[in-house]
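See structure below.
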């Protein structure tokens with residue numbers, strides 16, 4: 001029985017790790033930059049380590065650096081994290097059936113469901129003899145190890161890199177800009193992006209840098225809901241195709 | 001850091017709780033394959049793009065009101081757009097844009 005269990009996990013591992021290679025490269029590199037960024041802003045190594053492990057949602061980890069450097073505002077932090085990570089709700093909805101009957105593994109699979117892990121677990125076609133639960137657990141675990149490992153390495157070895165780091169905090173802006181551009185190309189409906197820009201800019205000018213996020217989130221949600229009859233997007237983003 | 005250690009722990013903990021809420025909520029709300037309401041699925045399609053656009057503005061929030069009114073940031077963003085059109089690579093866009101901005105701040109917009 002024990003040996004059987006061991007083989008089940010081993011077979012799943014052999015099938016899982018090759019599919020995580022592209023993510024390994026990207027996660028380690030971005031994690032490394034994340035750790036280095038926090039190091040250069042004066043945070044001890046355990047900040048990026050704990051944040052990359054427990055938050056484990058790339059965009060929000062970068063935003064959290066900003067929150068830590070601003071005046072203490074817990075409600076703002078909570079709501080911002082809800083909004084930035086709202087997309088996870090839709091990943092969850094598409095995995096409802098796939099995580100069924102996974103026992104204890106299910107809690108870890110949900111905890112570690114970031115964008116990239118979701119995209120593998122959602123689309124992987126597995127042979128009959130591979131246990132789906134073990135496979136998905138490996139994918140989730142490996143991806144998280146790459147990310148946390150990268151962040152830890154960047155934080156610990158940051159002092160070995162002797163460059164003028166002035167302006168490196170722009171990395172966060174660059175990351176979000178690149179994501180917007182990527183989505184702009186892949187989704188033909190541009191009005192949600194344009195609304196996100198214009199409503200946020202408007203609220204920033206009206207309310208100032210300290211107070212604009214909550215009104216901006218409210219305005220975006222409100223206008224998107226009002227436009228619902230006219231913005232029905234044919235593309236089914238939230239369905240998980242096999 | 002402008003925060004005390006306790007404040008920073010509270011902030012991180014709240015971000016963790018909110019993030020986990022977004023991941024666990026569907027499994028608490030829709031057990032056993034109950035279908036999600038259409039308005040939720042609609043938001044799933046349109047909200048992510050709008051929120052990322054908001055985050056770009058969020059990153060620029062302090063620069064807009066500074067002496068240079070976000071001019072270096074806008075130049076670097078334009079550079080990222082060019083990189084994206086040329087290479088269509090996330091990595092090149094992020095690294096190129098960041099290095100470009102660092103060079104701008106260290107050599108052009110000095111002081």
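Throughout, read-outs are computed from the coordinates displayed, never taken from laboratory work. Predicted, not measured: the structure shown is a model, and the values here were computed from it. All Cβ positions, even for glycine, are placed from backbone atoms using ideal geometry, and neighbour counts span all protein chains on display.
Remarks
- Per-residue mean of C-beta atoms belonging to partner chains within 10 Å, peptide A:46-59: 3
- Annotation: peptides B:66-73, A:114-121, ranked by per-residue average of other Cβ atoms within 10 Å with the highest first, follow the order A:114-121, B:66-73.
- Using every pair of separate Cα atoms, the Kirkwood estimate puts the hydrodynamic radius of chain B at 17.9 angstrom.
- Every helix of 4 or more DSSP H residues in the protein assembly as shown counts as -39500 (n - 2.57), and over all residues that averages to -23000 deg cm²/dmol at 222 nm.
- Cα centroid separation, the range A:163-220 to the range A:21-89: 17 Å.
- Number of partner chain Cβ atoms within 10 Å, mean per residue of A:183-194: 4
- Here the relative contact order of chain A, from alpha carbon pairs under 8 Å that lie six or more residues apart, stands at 34 percent.
- When only alpha carbons are used to place a centre, the range B:94-111 and the range A:1-19 end up 47 Å from one another.
- Per-residue average of Cβ from other chains inside 10 Å of B:87-98: 5
- Candidates B:64, B:15, B:82: whichever shows maximal mean-square fluctuation once chain B is modelled as a Gaussian network with Cα springs under 10 Å: B:15
- Along principal axes, Cα extents of the protein assembly as shown, largest first, whole Å: 69, 54, 45
- Remark on the range A:2-183: hydrodynamic radius 17.7 angstrom, per the Kirkwood mean of 1/r across alpha carbon pairs.
- Each peptide in A:15-22, A:212-219 receives the mean, over its residues, of other Cβ atoms within 10 Å, and ordering these scores from highest gives A:212-219, A:15-22.
- Comparing B:36, B:76, B:63 in a Gaussian network model of chain B where C-alpha atoms under 10 Å apart are linked, the largest mean-square fluctuation is found at B:36.
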